[in-house]
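Here's the structure, in structure tokens; my notes come after.
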Amino acid sequence: MQSSTDQIWSWLDAVPDPEIPVISVVDLGIVRGVRWDAGTLVVTVTPTYSGCPATSVISMDIETALRDHGISEVRIETSISPAWTTDWLSEKGRAKLEDYGIAPPQPAGGPERCPHCGSKAVEKVSQFGSTPCKAHWRCTDCLEPFDYFKCI
Amino acid sequence: MSVSVSNDALHQFLLRMGDNTLILGHRVSEWCGHAPVLEEDIALANTALDLIGQTQMWLGLAGEIDGGKSADDLAFLRDAWDFRNVLLVEVPNGDFGRTLMRQFLFDAWHSIMLGRLMTSADDRVAAIAAKASKEVAYHLERSGGTVVGLGDGTEESHARMQEALDYLWPYVGEMFASDEVDAQMVAAGIAPNPTDLREEYDALVGRILTQATLSIPESQFAHKGGRDGRMHTEHLGHLLTQMQWLQRAYPGAKW
């Protein structure tokens, strides 16, 4: 019997992002669709940044997780349009990011507050950070550097 | 896709987009582990990564309409005369200042070009442009900010940035050249005439360079021959020997 797509979404919500394991690939908003095509499960995935090296690892992790749940025929399809946006991050994912020490994206283009001490006195170090999706900021109160998940 | 256009012209256009990002991505990646400070190293490596990711999309599509070749086939198995990048992106990195000046001069053109391509009549081109333009907005913010910081910096950094601008300016004109391929792209509604981007470019670049206290050279002379493949600089061949070495020595090697 085929598992329901609701069930599959909940399994995928347990697959961690390889670079930021505190959030799932579903939280990240990169799983765009799940459907059955006869006996094959088709999962549509969109890349965050076009050159993100985690993309192929994510596809592999999704396939492995689904096989572990007994689904042997899986096809991963990549879709680039509409382009991924940080608006697709789940509320749950945003809260987890902040707990983890990564400031979630804000429409204003910079972090709302320091994820460590909550101070609003923050400044940008660089538009680029430890992964393509993050920028490098620091808090001028607690003096800790932190990652900001940049808005695109 | 709703428009009809010769596949040859579309193929050339896609090679021009993809070869620009490929060759510049490779050049910028040469800085990995060598930048003056860690933050700059990370910024350059991420920029290179975005450009190479965009190359996958442009050359992937070029290969698809050219008999099912892969982006890798096009990147690793063509010779210098087959490349269609502008000369600007193949010139050697020079010092950090010249690398950032080249990046800024390219990013400014790239962001304007991608903005126009987002409304391309070819959905595949529009989708790639929409994806890439989000990334390029950050490249431009970074390179523009650094050009201002270094241009309006110390006597030494100012002199180096002016030297970089004087060296690179003759390579800017080629980005706005236009030929039969462009005419076909315009007629099909796929891409703008590059010449029409010049005014917006001059306004943007002029504003940043003024903030950077740098003077744009007066000469309008432009080195050409990259985007039509007529004559690349000697530097491209040297770059390809590095970039293509593995696939040439071990054909078909995979990770």
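Where a number appears in this text, it was derived from the coordinates with a stated rule and is not lab data. Note that the coordinates shown come from a computational prediction; the quantities given were computed from them, not determined experimentally. Neighbour counts run over all protein chains shown; Cβ positions are idealised from the backbone, glycine included.
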TODO: Using only C-alpha positions, report the orientation-averaged shadow area of the convex hull of segment B:63-123, nm², one decimal.
DONE: 5.8
Task: Number of partner chain Cβ atoms within 10 Å, mean per residue of A:132-140 - done: 2
Task: Distance cut-off 24 Å, percentage of C-alpha pairs in chain B lying past it - done: 45
TODO: Given the peptides A:82-93, B:116-127, arrange them by the average over their residues of other C-beta atoms within 10 Å, most packed first.
DONE: B:116-127, A:82-93
TODO: Label segment A:14-152 by shape, choosing from rounded, prolate and oblate, from the square roots a ≥ b ≥ c of the eigenvalues of the Cα gyration tensor; if a/c is under 1.5 it is rounded, and otherwise prolate applies when a/b is larger than b/c, oblate when it is not.
DONE: prolate
TODO: Among the lysines, select those whose C-alpha is under 30 Å from the C-alpha of A:Lys150, and discard any that sit fewer than 8 residues away in the same chain.
DONE: A:Lys92, A:Lys96, A:Lys120, A:Lys124, A:Lys134, B:Lys131, B:Lys134
Open item on the list: Above 17 Å lies some portion of the pair distances; for segment A:49-128, what is it as a whole percent of all C-alpha pairs?
Closed with: 64
Task: For segment A:5-84, projected area of the alpha-carbon convex hull averaged over all directions, nm² - done: 4.9
Task: Phi-based couplings in Hz for segment A:4-16 (Karplus 6.51, -1.76, 1.60; Gly and Pro marked x) - done: 6, 5, 4, 4, 5, 4, 6, 5, 5, 5, 9, 8, x
Open item on the list: Run the lone-cysteine check on the protein assembly as shown: no other Cys C-beta under 4.7 Å from the residue's C-beta.
Closed with: A:Cys52, A:Cys133, A:Cys151, B:Cys32
Open item on the list: Given 10 °C and 1.306 mPa s, compute D for the protein assembly as shown with the Stokes-Einstein relation, Rh being the Kirkwood radius over Cα pairs; round to the nearest whole µm²/s.
Closed with: 70
Open item on the list: Inside 10 Å of the C-beta atoms of B:52-59, what's the mean count of C-beta atoms belonging to other chains?
Closed with: 3
Task: Sparse-neighbourhood loop sites, trypsin sites (Lys or Arg not before Pro) in segment A:107-137 - DSSP loop, at most 11 other Cβ within 10 angstrom - done: A:Lys120
Open item on the list: Cut-off under 26 Å on the C-alpha distance; same-chain residues fewer than 8 positions from B:Lys254 excluded. Which lysines are left, in chain and number order?
Closed with: B:Lys69
Open item on the list: Could you identify which residue out of B:Ile23, B:Ile65, B:Ile190 has the top mean-square fluctuation in a GNM of chain B using Cα springs shorter than 10 Å?
Closed with: B:Ile65
Open item on the list: I'd like the mean, over residues of A:124-131, of how many other protein chain beta carbons sit within 10 Å of each residue's own Cβ.
Closed with: 6
